[in-house]
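Peer 1: Supplied in structure tokens, the structure appears directly below.
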Amino acid sequence: MKRQFAVIGCGRFGASLARTLYALGQEVMVVDRSEERIQSISDFVTYAVQADATDEKTLKSLGIRNFDTAVISIGSDIQSSIMATLMTKELGVKYVLCKAQNEMQAKVLYKIGADKVVFPERDMGVKVAHNLVSQNVLEYIELSPDFSIVEIVAPRKWVGKTMKDLDLRAKLGINVMAVKHPYGITISPPADKVLNGDDILVVVGRSDVINKIEAME
């Protein structure tokens, strides 16, 4: 089902997100003060508007209340980010996602009504660091400071053993949600699933435990 997204702020994060949403078949309006940014993205979204998104009359005239989701990606300008968040919520947008640069900014955005706050630079830094430290790590998502989801190539010590043999939930407190292999994917792998050298495990658990698994040969 096609949904309507308003992306306010067209920096690297906002532009990348808007292009991807549009490529996925969604209706996307981008708003930014910069004429140059608007021109560069106009061919890759449904609407591209040069305007000040911290002005209530402007947002009303753009019909912001008709959008399912607003993404506030003005992370570097805290005051503008706060104003845009406040007004989009007050004008009736159901779901507002905001970009933040730090925890303090995130707390403020949540307090004024943001439904979700993301840290694109921090999250990318975490992911790249894990990829640099361990070549086995293919994907790393930090759910919270204590818990993560990771896609990791099966350590050699685990190859040839069944899920029952490994008993990872009891021994390490981690859950294997799926196993990817060349011929498909096994969701919630059964106890008799034998791990092969080219298997990729999708694991969720405490970050400190997952970090130890990354270090395994």
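Peer 1: Can you divide the C-alpha Rg of segment 1-50 by 2.2 N^0.38 Å and report the result to two decimal places?
Peer 2: Its radius of gyration relative to the 2.2 N^0.38 Å reference: 0.98.
Peer 1: Which lysines have a Cα less than 24 Å from the Cα of residue 171, not counting those fewer than 8 places away in the same chain?
Peer 2: 157, 161, 180, 193, 212
Peer 1: Among the DSSP beta bridges whose two residues both lie in segment 4-118, what percent are antiparallel, rounded to the nearest 5?
Peer 2: So the antiparallel bridges in segment 4-118 amount to around 0 percent.
Peer 1: What share of the DSSP beta bridges in the chain is antiparallel, in percent to the nearest 5?
Peer 2: If I count the DSSP bridges inside the chain, around 50 percent turn out antiparallel.
Peer 1: Moving to a separate point now. Counting Lys +1, Arg +1, Asp -1, Glu -1, what net charge surrounds residue 204 among other residues with beta carbon under 13 Å of its beta carbon?
Peer 2: -2
Peer 1: Kirkwood hydrodynamic radius for the chain: how many Å is it when counted over pairs of different Cα atoms?
Peer 2: Computed over Cα pairs of the chain, the Kirkwood hydrodynamic radius comes out at 19.6 Å.
Peer 1: If you don't mind, another one. What does the net charge come to around residue 13 if you take all other residues with beta carbon closer than 10 Å to its beta carbon, with K and R at +1 and D and E at -1?
Peer 2: +1
Peer 1: Sort the following peptides by mean Cβ neighbour count (other Cβ atoms within 10 Å, averaged over residues), highest first: 97-108, 186-197.
Peer 2: Taking the mean over residues of other Cβ atoms within 10 Å, the ranking is 97-108, 186-197.
Peer 1: Suppose each label sits 7 Å from its Cα in the direction of the beta carbon; what would the residue 196-residue 20 distance come out to in nanometres?
Peer 2: It is 3.0 nm.
Peer 1: How big is the C-alpha Rg of segment 4-118 next to the rule-of-thumb value 2.2 N^0.38 Å, as a ratio?
Peer 2: 0.95
Each value in this text was obtained by applying a stated rule to the coordinates, not by laboratory testing. All figures in this text were calculated on a predicted structure; none of them were measured in a lab. We place every Cβ from the backbone using ideal geometry, glycine too, and count neighbours over all the protein chains shown.
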